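K.L.:
Structure in structure tokens, see below.
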Amino acid sequence: MPGRWRSATTQERSAVDATRQPVSNSGTGHPVSRRKIAVVGALLVSAALAGGSLAWFVVLRPAGATPTAALDAPKFVEESAAAGIAQVYSGNASYALGGGVAVFDCSGDRKPDVYVAGGDGPAALYRNDSPVGGALKFTKLTDPATDLTNVEGAYPIDIDGDGKVDLMVLRYGESVILRGLGGCRFERANEAWSFAGGDDWASAFSATWEGSATWPTMALGHYVTRDASGAPTTMCATNSFFRPNSGGTGFGPPATLAPGYCSLSMLFSDWDGSGRRDLRIANDRNYYTDGTDQLWRIAQGEQPRVYTDADGWVSLQVNGMGLASYDVTGDGHPDIYITSQGDNKLQTLTAGPGQPTYRDIALKRGVTAARPFTGGDVYPSTSWHPEFQDVNNDGFIDLFISKGNVDAQPDYAVKDPNDLFLGQPDGTFKEAADTAGILNYARGRGAALADFNLDGMLDLVEVNYRDGVKLWRNVGSGDAARPAQMGNWLAIRTSETGANRNAIGAWIEVKAGSSTMRRELTIGGGHAGGQLGWTHIGIGPAGTVQVRIQWPDGQFGPWMDVAANQFVDIERGASQARPWSPSQT
């Protein structure tokens, strides 16, 4: 319970420094051993928790310990009804490929709130009222601004840099920007910000900041075109590309990214370490015959251009659904996971960043996830939302994949449960969705792993097509009454002055002993929804780690010693991370 740990973590940081030089017991002059330091740290945390409601104990391991052993799956407890979330994503075939959830803080207490798509029914905004470390609790907030119909998904983003999170709402019809006003209130901003939301079937979104621009550069993906009556056709639609207008008051007229091949996910990412963030698009070959997934070169002051085989790009034709990026191989560049029907892909650069040539390592790493791993259905899977997170805090990245039949496709599995792949020390992954307790045979769509009750363990929310939202609380190695943390962790929020308040495009580097974990801060990817807020990093046995930020312009901040099991703010220009606790709200 970080809110009651602040004094303990401060003392633990002092104890961690003792591992670099002998420390004297008060008045004795005798050095304190590292083992004694770890014991003292554990006692401090235990004492801090004694008066609280959360009945688990954390042993802070020696400073700088390297993660070497993978932990078992944590236990998840399903709490949807008790938590007060009763949203259903519904609709005909025009909504079957949507179903996203946006996770962000709209109330100002830094607990993640959720905005859930509704399909042909109204979308819903839920404020997070969960007690720290306790059972999950949400309150539905009704407002005409947010209760929009025809919503396929949404992405959180602070577009105007005012510190209040806005929402890009993807719809079957006009897409809408909702400007955050604070206190979980929003207003339509299309006209005020010169945003042309169009009248297409919006299916994907990503955003970045170019150079010193005061407004983001955004891409809006569309699936198929619509005829005069508004009904979908079988022709893939083109995508829209937005840059700030010359007056710095919003967006200019959108450019067209053509050809379009029925996009379902897109992501701006610095794939080659150049500082330029290019646009990856996952496309659905269900309609196109001559297309491919795409990578667009996005350079400041230039028009976007698509990479071709002359650049080293290798055509990939899959039923591309969702995108997730993480440096799985540890080569310093993000690897890309692409969900599909049947085999999923995990792509890594073949010969470094010189050209965008990728090879597939999903089979080698154990994450093809081509068929249901349990339930008895032998047909191929349909995968949607992929997400890299460390659910057991052991320092090895894990991978969640939501699954579910599009509607009633006879050639694909009907009983198609989610996957939860646990990362192993050798770089492979092991299935654990069943032992974790998150088997779901509904038609899963968008999802998010987030620490809703701020206890250092990632919970799970999942949208289901024509079924209720599922919400699971992570109780670690314990149970609902007595959660028990597994491994150590950090939650980090980055910020800088200016328009790009959340430092989108930055890289967070965390050293735990000889292990370095790197995560790029992005907006986009996933399936029809994303997150903005705390970046959660599992650090295994380490009692302290070193953290530094490579800011969006490429500049590195200093390495900072940070003690485990706390929430910290890192501001550009600061020499130390600033601890934060829920008691500050």
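K.L.:
So what is the accessible area of the chain per residue, in Å², with the probe set to 1.4 Å?
P.N.:
Dividing the accessible area of the chain by its residue count gives 36 Å².
K.L.:
Going by average Cβ density within 10 Å per residue, which order do the peptides 558-567, 283-292 take, highest to lowest?
P.N.:
Ranked by mean Cβ neighbours within 10 Å, highest first: 558-567, 283-292.
K.L.:
Show which lysines lie in cross-link reach of Lys364 when reach means a straight Cα distance below 20 angstrom and same-chain residues fewer than eight apart are skipped.
P.N.:
Within reach: Lys345, Lys430.
K.L.:
Give, in nm to one decimal, the length gained when the segment between Ala93 and Asp407 is fully stretched (0.36 nm per residue of separation minus the Cα-Cα distance).
P.N.:
112.3 nm
K.L.:
Also: Ranked highest first by average number of other Cβ atoms within 10 Å, how do 229-235, 194-200 line up? Don't skip to the end; give the middle numbers.
P.N.:
Working: 229-235: 10.7, 194-200: 18.0.
So the order, starting with the most tightly packed, is 194-200, 229-235.
K.L.:
Taking the Cα centre of segment 443-501 as the origin and placing charges on Cβ (Lys, Arg +1; Asp, Glu -1), which of Ile492, Gly478, Phe452 is farthest toward the positive end of the dipole?
P.N.:
So the residue we want is Phe452.
K.L.:
Could you work out [θ]222 nm for the chain from helices alone, using -39500 (n - 2.57) per DSSP H run of at least four and dividing by all its residues? Round to the nearest 500 deg cm²/dmol.
P.N.:
Per the formula, -2000 deg cm²/dmol.
K.L.:
How much of the accessible area of the chain, in percent, comes from carbon and sulfur atoms when a 1.4 Å probe is used?
P.N.:
49 percent
K.L.:
Could I ask something else about it? Students often forget the sequence filter, so: which lysines lie under 23 Å Cα-Cα from Lys111 once same-chain residues fewer than 8 apart are removed?
P.N.:
Lys75, Lys137, Lys140, Lys164, Lys470
K.L.:
When the Cα centres of segment 479-540 and segment 339-367 are compared, how far apart do they sit, in Å?
P.N.:
Taking the Cα centre of each part, segment 479-540 and segment 339-367 sit 23 Å apart.
K.L.:
Roughly how tilted is helix 6-17, in degrees to the nearest 10 and between 0 and 90, from the longest Cα axis of the chain?
P.N.:
Roughly 70 degrees between the two axes.
K.L.:
How big is the charge dipole of segment 358-499 about its Cα centre, in debye rounded to the nearest 20, if each Lys and Arg gets +1 on its Cβ and each Asp and Glu gets -1 on its Cβ? Please report the intermediate quantities before stating the final value.
P.N.:
Numbers: 14 positive and 20 negative charges, 40 e Å.
My answer is approximately 200 debye.
K.L.:
Only Lys, Arg, Asp and Glu count, each charged at its Cβ (+1, +1, -1, -1), so figure out the dipole size of the chain about its Cα centre, rounded to 20 debye.
P.N.:
1540 debye
K.L.:
Once you order the gyration tensor axes a ≥ b ≥ c over the Cα atoms, which shape class does segment 206-363 get: rounded for a/c under 1.5, otherwise prolate or oblate by comparing a/b with b/c?
P.N.:
oblate
K.L.:
Please sort 508-515, 383-390 by packing, taking for each peptide the average over its residues of neighbouring beta carbons within 10 angstrom, highest first.
P.N.:
Per-residue mean Cβ counts within 10 Å order the peptides as 383-390, 508-515.
K.L.:
Compute the helix-to-body angle for 34-49: its Cα long axis versus the longest principal axis of the chain, expressed 0 to 90° and rounded to tens.
P.N.:
Helix 34-49 sits at roughly 70 degrees to that axis.
K.L.:
Still on this structure, I have one more. How much of the DSSP bridge set in the chain is antiparallel, in percent, rounded to the nearest 5? Before the final figure, lay out each step's value.
P.N.:
On the way: 117 of 128 bridges.
The antiparallel fraction comes to roughly 90 percent.
K.L.:
Can you classify segment 506-567 as rounded, prolate or oblate using the Cα gyration tensor, where a ≥ b ≥ c are the square roots of its eigenvalues, rounded means a/c under 1.5, and otherwise it's prolate if a/b beats b/c and oblate if not?
P.N.:
Since a/c reaches 1.5 but b/c is at least a/b, the shape of segment 506-567 is classed as oblate.
The values are calculated or read from the model by the stated rules, or taken from the named source; none is laboratory data. The structure displayed is predicted, hence computed values, not measured ones. Glycine also receives a Cβ, built like all others from the backbone with ideal geometry; neighbour counts cover every protein chain displayed. Heads up: the accessible areas ignore ligands, DNA and RNA and are worked out on the full protein's heavy atoms, side chains in. Shrake-Rupley method; radii C 1.70, N 1.55, O 1.52, S 1.80 Å.
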